[in-house]
Amino acid sequence: MAAKLRKGDKVVVLAGKDKGLTGEIKSVDPKAGKAVVDGVNMAVRHQKQSQTSEGGRTPKAMPIQLSNLALVDANGKATRVGFRMDGDNKVRYAKTTGDAI
């Protein structure tokens, strides 16, 4: 099945502790059904000091379920994603506005 959400898409969080936050998808794991969104689902990770890095507590974005994310359309609202054929090409489109993504 084609991916409804892809790397680089602007999304909004629908459920969880970060509900309402928006961000850009940095990576997607389709097998696990999760994505890493910039600035969402942050956790603190401890890093040991080394010659190259200072070490300490660093925030890191953790994966979030794809079902808790929705694409942001041109109006800035959450929308579902559909597929249609434009000539010979299969394209994604926002169901609220009908615009191709």
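The values are calculated or read from the model by the stated rules, or taken from the named source; none is laboratory data. If you're wondering where the values come from, they're calculated on a predicted model, not measured in any experiment. Neighbour counts run over all protein chains shown; Cβ positions are idealised from the backbone, glycine included. We work out accessible area using only protein heavy atoms, side chains counted, and drop any ligands, DNA or RNA first. Shrake-Rupley method; radii C 1.70, N 1.55, O 1.52, S 1.80 Å.
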| task | Taking residue 87 as the residue in question, decide whether it is touching a Ser or Thr at 6+ places or on another chain (Cβ under 9 Å) and not hydroxyl-bearing (Ser, Thr, Tyr). | result | no
| Within region 36-85, tally of residues that are outside any loop (DSSP other than H, G, I, E, B) and either over 15 Å from the mean Cα position of the chain (by Cα) or not aliphatic (A, V, I, L, M) (or both) | 18
| message | As an exercise: evaluate residue 28 against (1) β-branched (Val, Ile, Thr); (2) touching a helix residue (DSSP H, G or I) at 6+ places or on another chain (Cβ under 9 Å); (3) touching a residue at least 40 places away in the same chain (Cβ under 8 Å) and give the number of the one condition it does not meet. | response | (3)
| Of all residues making up region 49-101, the number that are under 14 Å from residue 3 (Cα atoms), touching a residue at least 24 places away in the same chain (Cβ under 8 Å) and of a type in the set (A, V, I, L, M) | 6
| message | Residues to consider are 92, 45; find the one that is open to solvent by 50 Å² or more (accessible area, probe 1.4 Å) and either closer than 22 Å to residue 8 by Cα or of a type outside the set (Ser, Thr, Tyr) (or both). | response | 45
| remark: Of the residues in region 1-14, those that are over 14 Å from residue 101 (Cα atoms) and surrounded by 13 or more Cβ atoms within 10 Å (Cβ to Cβ) come to 12, 13, 14
| Considering only region 17-35, how many residues are open to solvent by 60 Å² or more (accessible area, probe 1.4 Å) and assigned to a loop (DSSP other than H, G, I, E, B)? | 5
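Being open to solvent by less than 40 Å² (accessible area, probe 1.4 Å) and touching a strand residue (DSSP E or B) at 6+ places or on another chain (Cβ under 6 Å) is the filter; apply it to region 51-63 and report the residue that is nearest to residue 21 (Cα to Cα).
Here is the first cut: in region 51-63, the residues open to solvent by less than 40 Å² (accessible area, probe 1.4 Å) are 53, 55-56, 61.
Narrowing the set further to residues that are touching a strand residue (DSSP E or B) at 6+ places or on another chain (Cβ under 6 Å) leaves 55, 61.
Numbers: 55: 28, 61: 13 Å.
Per the criteria, the residue is 61.
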